[in-house]
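S.K.: A single structure is presented below for examination.
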Amino acid sequence: MTRIPELTILQPADKEHIEIPRTSEDELAVGKKRLYIESYGCQMNFADSEIVAAVMRNAGFATTSVAEEADVIFLNTCAIRDNAEQKVRNRLKHLIGLKRLKPELLVGMLGCMAERLKTKLLEEEKVVDIVAGPDAYRDIPKLVEEAESGQKAVNVFLSREETYADISPIRLNSNGVTAFVSIMRGCDNMCSFCVVPYTRGRERSRDPHSIVREAQDLFDRGYREVTLLGQNVDSYKWLGAEGVEPGEQPPMPQAPGPRSITFAGLLELVAQIHPDLRVRFSTSHPKDITDDVLHTIARYDNICNYIHLPAQSGNSRVLKLMNRTYDRPWYIGKIDRIREILGDDCGISTDMISGFCSETEAEHQESLSLMDYVQYDYAYMFSYSERPGTLAAKKYADDIPEDVKKRRLNEIIACQLAHSAKRNQRHIGQVQRVLIEGPSKRSNDFLSGRNDQNKMVVFPKGNHQKGQYVNVLVTDCTSATLRGEVV
Ligand code: SAH
Ligand code: SF4
Ligand code: F3S
């Protein structure tokens, strides 16, 4: 997924019809070399691109949102499913055309696909000059220099410590209201289907002081929402013993020990920055989310009532094969606990995979029945895509035919659409507090923003502006959006 519109690079005649807003002061910088960066995959990749932009700015590069203007083009890639990689390969085909017009252009592959394929990428895709894995971003200026001198440049070293804690990201394509803040990197879970532990390395948590500082700075600059990011935020843990400059270390009153801090403690610290700073987080792992976290959400109005708690499957045998380390009753127990502590109003979403190795029809039905039980507000739904090198690829046959995977996926999607519509209808007649993010996608006469539960709300513009909180009376909805007017 990319937030930057696909550019019709090979048809320059169309160019004048593409209007791309110049988003940063960088765009106006003259005489500097320019970097264009495009992000695919999860929010963490989008956040990483902002780190890369900061590293490159230090090296004298300005960013541009127009690929044709760039001296260096980076694709920050995803490897989670085969189609994510195919999308990037198609994009590379377009870049071949661009490089023909501008032979000195450098093309770099960053992120998870770069890490997965390493030097193989250089053999397979001749247009690529630079390959940098997720922990090698500090090294990028050096890699660019090497590439400028005509060599191919690669760094795919994975680190146990790197968190880029000291780098202030440059917000790309930002609405100026909401921002991502990475709180950890990597993943130590070994879900058998998943490539992330191989592409992002071991789990490590970022120094809480640098997280709070970044969030405070965003608030001071007018941002009103931060989303704390990690593959498994509930296992965030900072022991604080190493790598801390003594003068910088104020005591952490909320932490369980004098220097250690858990995710619940971190959430609280960020929530205390200001009541007008909304705090979201993603992703929670059902095995790790604690009552402590749920109680912290309940205590603070500005911690959003929304939890992304991916189930993947509703069947205990499949969950075991997936190595998710919980079963159906455990997952249901967590949902019940969320409802007990945060009430029925708490938004809950999931990720579901259809057609995992050896999944039977009856087991697939259990995914649907789990969805019926939870009544998710939203879901990200996928059909299983075998990833080379994962435990599942080594141990289990990818034996569900493609058409069966697709049919099951369609059933999952249909089920979710009904639940989303139902969950959205509950809001009709209610007044929702909405943080305005900007004009609605469809019309400049309307604004849009999200409510506490992460649902998009669209309403007539009036005199309101992005960054403001407004109370919206919901009058109508679809399965995707709530509509209403400010009261
Ligand atoms: N850390 C998060 C997930 C990150 S990956 C978690 O544990 O929930 C995002 C989602 O992609 C996963 O939740 C899963 O649903 C999906 N996914 C991962 N690997 C996949 C694969 N091989 N095939 C299909 N979907 C996959
Ligand atoms: Fe992948 Fe599992 Fe880690 Fe999520 S928790 S990133 S699905 S290995
Ligand atoms: Fe993709 Fe890597 Fe994120 S594989 S989903 S970009 S962690």
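S.K.: Excluding residues fewer than 8 places away in the same chain, name every one of the aspartates and glutamates whose C-alpha is closer than 20 Å to that of Lys422.
M.R.: Straight-distance partners of Lys422: Asp336, Asp344, Asp345, Asp351, Asp372, Asp377, Glu411, Asp452, Asp476.
S.K.: Still on this structure, please answer the following. Provide the per residue accessible area, probe 1.4 Å, for region 431-486, rounded to a whole number of square angstrom.
M.R.: About 52 Å² of surface per residue is accessible.
S.K.: Quick one: of Lys126/Lys394; Lys33/Lys102; Lys287/Lys320, which pairs are farther than 21 Å apart, Cα to Cα?
M.R.: Lys126/Lys394
S.K.: Among Ile80, Leu106, Leu122, whose Cα projects farthest towards the positive end of the dipole of region 68-132, with charges put on the beta-carbon of Lys, Arg (+1) and Asp, Glu (-1)?
M.R.: The listed residue farthest towards the positive side: Ile80.
S.K.: Take every DSSP beta bridge whose two residues both sit in the chain, then give the antiparallel share in percent to the nearest 5.
M.R.: In the chain, DSSP labels about 35 percent of beta bridges as antiparallel.
S.K.: Considering only protein heavy atoms and a probe of 1.4 Å, how much of the accessible area of region 431-486 is carbon and sulfur, as a whole percent?
M.R.: Carbon and sulfur together cover 44 percent of it.
S.K.: If we count every other residue with Cβ under 11 angstrom of Thr475's Cβ, Lys/Arg +1 and Asp/Glu -1, where does the sum land?
M.R.: -1
S.K.: If amide hydrogens are placed 1.01 Å from N in the peptide plane, which non-local residues have theirs closer than 5 Å to the one on Lys237?
M.R.: Excluding prolines and chain starts, which carry no amide H, the hits are Ser205.
S.K.: Of Lys93/Lys152; Lys93/Lys455; Lys87/Lys441; Lys87/Lys120, which ones are farther than 29 Å apart at the Cα?
M.R.: Lys93/Lys455
S.K.: Only four residue types carry charge here, +1 at the Cβ of Lys and Arg and -1 at the Cβ of Asp and Glu. Report the dipole size of the chain about the Cα centre in Debye, rounded to the nearest 20.
M.R.: Once rounded to the nearest 20, the dipole reads 500 debye.
S.K.: Any chance you could check the Cα centroid distance between region 131-171 and region 196-232 for me, in angstrom?
M.R.: First find each Cα centre; the distance between them is then 19 Å.
S.K.: By accessible area of protein heavy atoms, probe 1.4 Å, what ranking do Lys237, Lys126 get, highest first?
M.R.: Lys126, Lys237
S.K.: Mind grabbing the accessible area of Ser168 for me, 1.4 Å probe, Å², rounded to tens?
M.R.: 90
S.K.: Could you let me know the centre-to-centre spacing of region 73-112 and region 423-487, using Cα atoms, in angstrom?
M.R.: 36
S.K.: Which one, Asn58, Thr262, Thr475, projects farthest toward the positive side of the charge dipole computed for the chain from Cβ point charges (K/R +1, D/E -1)?
M.R.: Going by the Cα projections, it comes out as Thr475.
S.K.: By the scheme Lys and Arg +1, Asp and Glu -1, what is the net charge of all other residues having a beta-carbon under 12 Å from that of Ile413?
M.R.: Here the count lands on +2.
S.K.: Let me ask another. Which of the cysteines found in the chain have nothing to pair with, since no other Cys Cβ lies under 4.7 Å from theirs?
M.R.: Cys42, Cys78, Cys112, Cys187, Cys304, Cys346, Cys357, Cys415, Cys477
The values are calculated or read from the model by the stated rules, or taken from the named source; none is laboratory data. The structure presented is a predicted model; accordingly, all values stated were derived computationally and were not measured. Quick reminder, even Gly has a Cβ in these numbers, built from the backbone with ideal geometry, and neighbours come from all protein chains shown. All accessible areas refer to the heavy atoms of the entire protein, side chains included, with ligands and DNA or RNA removed. Shrake-Rupley method; radii C 1.70, N 1.55, O 1.52, S 1.80 Å.
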